[in-house]
Amino acid sequence: MRLTRRPLQNEGDYWRIRGFLRDVFLLNGCQERSWHVARLDYWRWHFVKNCQTCDPIPEVTSIWESVDGQIAAVMHPVVAGEAFLHVHPGFRTAELEIEMLAYAEDFLSSPANDSQRKLYVLADEDDGLRQQILASRGYSRCGRPIHRWWRDLTGPIPDVPIAVGYTIRSMGDVDEFPARSWASWKAFHPDEPDGEYEGWGWYFNIQSAPLYRRDLDIVAATDGGEIAAFCTLWYDDATRSAVCVLMGTVPAHQRRGLGKATMSEGLRRLREMGSTRALANGYDPPADALYRSVLGNKSAMQSWVKVF
């Protein structure tokens with residue numbers, strides 16, 4: 001089938017891509033062969049708006065369409081020098097993947113040194129087609145696998161004891177943004193000087209995202225009001241599924257079960273809303289250990305890199 005590539009052109013295209021990802025997620029049996037719609041929103045409202053990790057979205061996002069205008073595939077980076085390929089299973093062919101990779105190598109790669117460029121691409125551990133294509137084009141595996149964790153929410157969620165001196169509750173109003181932002185800084189930048197901290201304004205963008213709900217922004221707070229841990233879940237009622245987009249514990253409060261307690265509370269709330277599946281990605285051993293204890297089911301994807 002003939003497909004045509006074009007850039008994302010307007011806000012309507014962005015919302016069409018959201019619908020495309022929802023359809024693909026369901027067609028793939030609620031597995032993330034392509035992104036969950038929550039990850040697309042997190043990319044836009046956090047990575048692009050807050051972190052500015054790549055050029056503006058219209059400049060880096062490509063859409064492949066059929067002659068009747070149906071979206072067959074979408075590709076973009078999260079940070080410079082990588083490409084995320086989202087492909088409709090009904091349109092997926094080796095020819096399409098090769099075309100997408102060739103375009104990414106030309107337009108999404110980043111400098112590796114003065115004379116070479118590099119590009120990173122992900123492939124699922126059981127995706128033989130993409131792995132074969134990547135190997136044939138000179139890519140090689142790099143880094144540790146990224147683990148995809150999930151749990152079906154059809155049964156009860158076990159209670160998790162809450163450490164003495166802490167309360168598990170929803171995120172507060174704007175007056176709690178500074179405390180919530182500081183907790184993120186300490187959780188994600190434990191070895192960086194506190195003088196590098198840039199403030200809490202970024203959280204307005206997080207709360208502006210379409211799937212954000214304050215009742216699914218769960219925090220563990222001390223009796224004195226300090227935020228010690230957090231678990232932010234974004235629920236998509238169109239697919240009845242949710243993604244953990246932010247999860248962390250301040251180092252001074254670790255090893256007290258606060259991560260497990262906040263996530264378990266979030267899962268209970270999701271189940272009451274009608275959610276049937278929760279998902280999270282583990283990028284390091286501590287995250288994997290937490291998600292293993294709360295979610296339990298796992299698959300893996302691998303990063304591949306080409307230097308050329």
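Angle, helix 94-107 long axis vs. longest principal axis of the chain, Cα atoms, 0 to 90°, nearest 10?
So the helix axis and the longest Cα principal axis differ by about 80 degrees.
Rounded to whole Hz and in sequence order, give me ³J(HN,Hα) for segment 296-307 from the Karplus expression 6.51 cos²θ - 1.76 cosθ + 1.60, θ = phi - 60°, writing x for Gly and Pro.
Here the 3J(HN,Hα) series is x, 8, 9, 9, 9, 10, 10, 7, 10, 10, 10, 10 Hz.
Given the alpha-carbon gyration tensor of the chain, what are the semi-axes of its equivalent ellipsoid in whole angstrom, ordered largest first, with each equal to the square root of 5 times an eigenvalue?
One finds semi-axes of 34, 22, 19 Å for the chain.
Not counting the cut sites, what is the longest span of the chain without trypsin sites (Lys or Arg not before Pro) that DSSP labels loop and that have at most 13 other Cβ atoms within 10 Å?
Counting only loop sites that pass the neighbour cut-off, the longest clear stretch is 3-254.
Once the mean 1/r over all distinct Cα pairs of segment 155-275 is inverted, what Kirkwood radius in angstroms do you read off?
It is 14.8 Å.
Once phi is turned into ³J(HN,Hα) by the Karplus curve 6.51 cos²θ - 1.76 cosθ + 1.60 with θ = phi - 60°, what whole-Hz value does each residue of segment 9-25 show in order, with x for glycine and proline?
Karplus values, whole Hz, x for Gly and Pro: 10, 7, 4, x, 4, 4, 6, 5, 5, 4, x, 4, 5, 4, 4, 5, 4.
I'd like to know which of Gly155, Leu134, Ala209 lies farthest towards the positive end of the charge dipole of segment 89-214, counting +1 on Cβ of Lys and Arg and -1 on Cβ of Asp and Glu.
Gly155
Based on DSSP H runs of at least 4 residues, each adding -39500 (n - 2.57), what is the mean residue ellipticity at 222 nm of the chain after dividing by all its residues, to the nearest 500 deg cm²/dmol?
Rounded to the nearest 500, the figure is -9000 deg cm²/dmol.
Given the options Ala242, Ala278, Ala135, state which has the largest fluctuation in a GNM of the chain using a 10 Å cut-off (strictly under) for Cα springs.
In this elastic network of the chain, the residue with the biggest mean-square fluctuation among Ala242, Ala278, Ala135 is Ala135.
Which of Pro161, Pro193, Pro77 moves the most in a Gaussian network model of the chain with Cα springs under 10 Å?
Comparing Pro161, Pro193, Pro77 in a Gaussian network model of the chain, the most mobile one is Pro193.
Kindly write out, for segment 160-165 in residue order, the coupling ³J(HN,Hα) from the Karplus curve 6.51 cos²θ - 1.76 cosθ + 1.60 (θ = phi - 60°), rounded to whole Hz, with x marking Gly and Pro.
With coefficients 6.51, -1.76 and 1.60, one gets 10, x, 9, 4, 4, x Hz.
Cα to Cα, under 19 Å, and not fewer than 8 places away if on the same chain: which lysines meet these conditions relative to Lys306?
Qualifying lysines at Cα under 19 Å: Lys118.
Find the centroid of the Cα atoms in segment 178-215 and in segment 79-100, then give the distance between the two in whole Å.
Here the two parts' Cα centres lie 32 Å apart.
Quick one: pull the percentage of alpha-carbon pairs in segment 1-158 with a separation above 21 Å.
Value for segment 1-158: 49 percent of Cα pairs lie more than 21 Å apart.
Measuring from centroid to centroid over Cα atoms, what is the spacing of segment 16-31 and segment 254-287 in Å?
Answer, in whole Å: 22.
Using amide H atoms built 1.01 Å from N in the peptide plane, name the residues 5+ places from Glu82, or on other chains, whose amide H lies under 5 Å from its own.
Close amide H contacts, sequence-distant or interchain: Tyr120.
Every read-out reported here was derived from the displayed coordinates using simple, explicitly stated rules and does not represent laboratory data. Just so we're clear, the structure is a prediction, and the values are computed from it rather than from any experiment. For neighbour counting, all protein chains shown are included, and Cβ atoms are generated from backbone atoms with ideal geometry for every residue, glycine included.
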